[in-house]
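Worksheet for the structure shown next.
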Amino acid sequence: MGKMAKILIGLGILVIVVILIASWLFGIRNNMVTLEEGINSSWAQVQNQYQRRYDLIPNLVETVKGFASQEKDVLLGVTEARAKAGGVMNISPQTLEDPQAFARFQEVQAGLGAALQRLLVVVERYPDLKSNQNFLTLQAQLEGTENRIAVERRRFNEEVQAYNSYIRKIPQTFVASLFGFQSKAYFQAVAEAEQAPQVEF
């Protein structure tokens, strides 16, 4: 075997090793992309449910206003909380990498939930409202939406946990650093938002 043949065999082996390493790296990267897309999809569902709640509020406020117009402070509080929530409704998945921005989003949503709770407490004083079919329908829709929000937040946290665990393990942590993958924030309920608004009468 000549010197040239040995060089060619050595180059062939080197090319095969490089291809294997590149395949391994890109396989890990592709898994990270798949997990990150799972988070993005799950986050879209969380936002979808928040949007549903956001869309129900004007009808709920109008219905309550018809029976309890003297509760202006409570109605104004719900309207203002809804306006704040509208300002952060569609945060991008990249925001999940910024714990402060994500915490602001959660705080605004918790504020809206608390305002809805105050509204529903006020409703207790109005028996005619509690028997109004339009209100009962909105109440049922709101209750269902709050339950769906809780389910979607749980699913989102499960996706984040799978992704964060994966990118923190060795050797994935090196690949994550190489390709710029970062940990994502979990959804954490603030103290007053740990329970969905009580809408049963």
(request) List the number of the failed condition for residue 69; all other conditions in (1) assigned to a helix (DSSP H, G or I); (2) more than 24 Å from residue 158 (Cβ to Cβ) hold. (result) (1)
(request) Could you tell me which numbered condition residue 33 fails, if it satisfies all but one of (1) among the hydrophobic types (A, V, I, L, M, F, W, C); (2) in contact with a helix residue (DSSP H, G or I) (Cβ under 7 Å, 6 or more places away or on another chain); (3) in a helix (DSSP H, G or I)? (result) (2)
(request) Enumerate the pairs (first residue in the range 156-178 and among the basic types (Lys, Arg); second residue anywhere and surrounded by fewer than 19 Cβ atoms within 10 Å (Cβ to Cβ) and not in a helix (DSSP H, G or I)) with beta-carbon separation below 9 Å, excluding pairs fewer than 6 apart on the same chain, so at least 6 apart or on different chains. (result) 168/183
(message) Here are the criteria: (1) at pLDDT 95 or above; (2) surrounded by 13 or more Cβ atoms within 10 Å (Cβ to Cβ); (3) not basic (Lys, Arg). Tell me which single one residue 50 does not satisfy.
(response) (1)
(request) Kindly establish whether residue 90 is exposed (fewer than 13 other Cβ atoms within 10 Å of the Cβ) and touching a helix residue (DSSP H, G or I) at 6+ places or on another chain (Cβ under 7 Å). (result) yes
(message) Of the conditions (1) closer than 30 Å to residue 176 by Cα; (2) in a helix (DSSP H, G or I), residue 75 satisfies every one except a single condition; which number is it?
(response) (1)
(request) Among the residues of the range 93-114, write down those that are among the hydrophobic types (A, V, I, L, M, F, W, C), in contact (Cβ under 8 Å) with a residue 40 or more places away in the chain and either touching a Phe, Trp or Tyr at 6+ places or on another chain (Cβ under 7 Å) or under 19 Å from residue 83 (Cβ atoms) (or both). (result) 96, 110, 112, 114
(message) Could you check the range 40-66 and list, in sequence order, the residues that are without any contact (Cβ under 8 Å) to a residue 60 or more places away in the chain, closer than 16 Å to residue 143 by Cα and in contact with a helix residue (DSSP H, G or I) (Cβ under 8 Å, 6 or more places away or on another chain)?
(response) 54, 57, 58, 61
(message) Among the residues in the range 136-159, are any of a type in the set (A, V, I, L, M, F, W, C) and outside any helix (DSSP H, G or I)?
(response) no
(request) Pairs only if they're at least six apart or on different chains, beta carbon under 6 angstrom, first in the range 129-142 and surrounded by 13 or more Cβ atoms within 10 Å (Cβ to Cβ) and at pLDDT 90 or above, second part of a loop (DSSP other than H, G, I, E, B) and not aromatic (Phe, Trp, Tyr); list them, first residue then second. (result) 142/199
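The values are calculated or read from the model by the stated rules, or taken from the named source; none is laboratory data. The structure presented is a predicted model; accordingly, all values stated were derived computationally and were not measured. Every residue, glycine among them, receives a Cβ derived from its backbone with ideal geometry; neighbour counts consider all protein chains shown.
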